[in-house]
Structure formats: structure tokens, C-alpha cells
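What follows is a single structure, written as C-alpha cells, with notes after it.
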Amino acid sequence: VQIAGLGNYTGRNMAGVQLAGLGNYSSTDMQGIQLAGIGNWSSSHMQGVQLSGVFNISRESSQGLQFSGIANISKSDIQGLMGAGAANISGGDMQGLLFSGLFNIARDDMQGIATSGIFNYSKSFQGIGFSAVNVNKTFQGIQSGLVNVSENAQGIQFGIINYAKEFEGVPVGLISYY
């Protein structure tokens, strides 16, 4: 257990609990709980819980629960429950339940339920997506937004504008183009 008014640093794997007024930093893997007023950073994999006022960053994959006032960012895959005031961003896949005020972005695949105020984007999406704009190369499931765009879609699209090069399912919208 590490408790500090300003910040905590571990030069090796962190396993346990870090509580800090400003931030927590783990130079390798983080397994446990990090709570910080500003941010939590893991230079490798994160497995556990990260709660912060501003950001949570994992230089590799994140697995578990992350809540931040601004953003959750992972260079690799994200799996679990993520909530952010602005954004959830993954350099790999996202899987789980994702909530953000502005956008959810996965460079590769997204699976689960993704809700955001402005934008959901992934190469491939499987699940339920709610946002003003949903953009995916391939989509399978339910999309609900003002604009839904996909090259290959399978499922249900609810929107003012729905577009897909290939579509199998039910389009519900003012303009649906396939």
C-alpha cells in the first residue's frame, strides 16, 4: 500500500493499492487499485481498478475498471468497464462496457456496448453502439445515432442517415442508402 499527498512511484511491478492527491506511476505492470486526484499511469499492462480526476494511461493493455474525468488511454487493448468525461481511446481492441462524454475510439475491433455523446469509431464493431455518429468498416449488432456509416453492416441501424456499401438487416431512418 502506498499513500501520498502528492504522488506515488514504483520502479517495478505494482501489486496492491496506490492512493495519491495528484498521481500514481508504475514503471512496469500495475495489478491492483490506483486512485488519484489527477492521473494514473502504468508503463506496461494495467489489471485492476484506476480512478482519477483527469486521466488513466496504460502503455500496453488495460483490463478491469477505469473511470476518469477526461480520458482513459491504452496503447494496446482495453477490456472491462470504462467511463470517461471525454474519451476512451485504444490503440488495439476495446471490449466491454464503454461510456464517454465525447468519443470512444478503437484502432482495431470494438465489442460490447459503446455509448458516447459525439462519436464511436472502430475498424470492426460487434454489439450495441449509441452515439451521434457511429463509423465502422464492419458492423454487426445495433447502431443508434444521427449518422451511422459502415462498409459492411449486419443488424439494425437507427438514425437520420444510415449508410453501408453492403447491408443485411433492418434500416430505420430518414435516409438509408445501401
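Applying the criterion of being open to solvent by 30 Å² or more (accessible area, probe 1.4 Å) and part of a strand (DSSP E or B) to the residues of the range 89-107, the residue that is nearest to Gly159 (Cα to Cα) is Phe103. Being outside any strand (DSSP E or B), loosely packed, with under 15 Cβ neighbours inside 10 Å and among the β-branched types (Val, Ile, Thr), is that true of even one residue in the range 1-8? So far as the range 1-8 goes, yes, one or more of its residues are outside any strand (DSSP E or B), loosely packed, with under 15 Cβ neighbours inside 10 Å and among the β-branched types (Val, Ile, Thr). With the requirement that a residue be under 14 Å from Gly169 (Cβ atoms), without any contact (Cβ under 8 Å) to a residue 24 or more places away in the chain and either under 17 Å from the mean Cα position of the chain (by Cα) or open to solvent by less than 40 Å² (accessible area, probe 1.4 Å) (or both), what does the range 135-147 give you? Once the filter is applied, which keeps residues that are under 14 Å from Gly169 (Cβ atoms), without any contact (Cβ under 8 Å) to a residue 24 or more places away in the chain and either under 17 Å from the mean Cα position of the chain (by Cα) or open to solvent by less than 40 Å² (accessible area, probe 1.4 Å) (or both), the range 135-147 yields Gly141, Gln143, Ser144. Confirm whether Asn72 is surrounded by 22 or more Cβ atoms within 10 Å (Cβ to Cβ), of a type in the set (S, T, N, Q) and farther than 22 Å from Ser124 by Cα. In short, no.
Let's see how each residue does on (1) surrounded by fewer than 16 Cβ atoms within 10 Å (Cβ to Cβ); (2) touching a residue at least 24 places away in the same chain (Cβ under 8 Å); (3) touching a helix residue (DSSP H, G or I) at 6+ places or on another chain (Cβ under 8 Å); (4) aliphatic (A, V, I, L, M):
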| site | (1), (2), (3), (4) |
| --- | --- |
| Ser131 | no, yes, no, no |
| Val149 | no, no, no, yes |
| Gly155 | no, no, no, no |
| Asn162 | no, no, no, no |
| Glu168 | yes, no, no, no |
| Pro171 | no, no, no, no |
| Leu174 | yes, no, no, yes |
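Of all residues in the range 9-20, those that are over 20 Å from Ile38 (Cα atoms) have Cβ atoms under 7 Å from Cβ atoms of residues that are open to solvent by 40 Å² or more (accessible area, probe 1.4 Å) and β-branched (Val, Ile, Thr), 6 or more apart or on another chain, in Arg12/Thr28; Asn13/Thr28.
Here is a yes/no grid of residues against (1) under 19 Å from the mean Cα position of the chain (by Cα); (2) open to solvent by 30 Å² or more (accessible area, probe 1.4 Å); (3) within 19 Å of Gln126 (Cβ to Cβ):
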residue: Met14; (1), (2), (3): no, no, no
residue: Leu22; (1), (2), (3): no, yes, no
residue: Ser52; (1), (2), (3): yes, no, no
residue: Glu60; (1), (2), (3): yes, yes, no
residue: Asp109; (1), (2), (3): yes, yes, yes
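Among the residues here, Val49 does not qualify as more than 27 Å from Phe103 (Cα to Cα) and in contact with a strand residue (DSSP E or B) (Cβ under 6 Å, 6 or more places away or on another chain). Checking every residue in the range 48-63 against the condition of being of a type in the set (A, V, I, L, M, F, W, C), touching a Ser or Thr at 6+ places or on another chain (Cβ under 9 Å) and at pLDDT below 95 gives at least one match.
How many residues are under 22 Å from Ile70 (Cβ atoms) and touching a Lys or Arg at 6+ places or on another chain (Cβ under 9 Å) when one looks only at the range 95-120? Final tally of qualifying residues: 3.
When the test is whether a residue is in contact with a strand residue (DSSP E or B) (Cβ under 6 Å, 6 or more places away or on another chain), under 20 Å from Gly101 (Cα atoms) and touching a residue at least 24 places away in the same chain (Cβ under 8 Å), Ile78 passes it.
The values are calculated or read from the model by the stated rules, or taken from the named source; none is laboratory data. Please read all numbers here as calculations on a predicted model, not as lab measurements. Here the Cβ is made from the backbone with ideal geometry for all residues, glycine too, and neighbour counts use every protein chain on show. Surface accessibility is based on the protein's heavy atoms, side chains included, excluding ligands, DNA and RNA. Shrake-Rupley method; radii C 1.70, N 1.55, O 1.52, S 1.80 Å.
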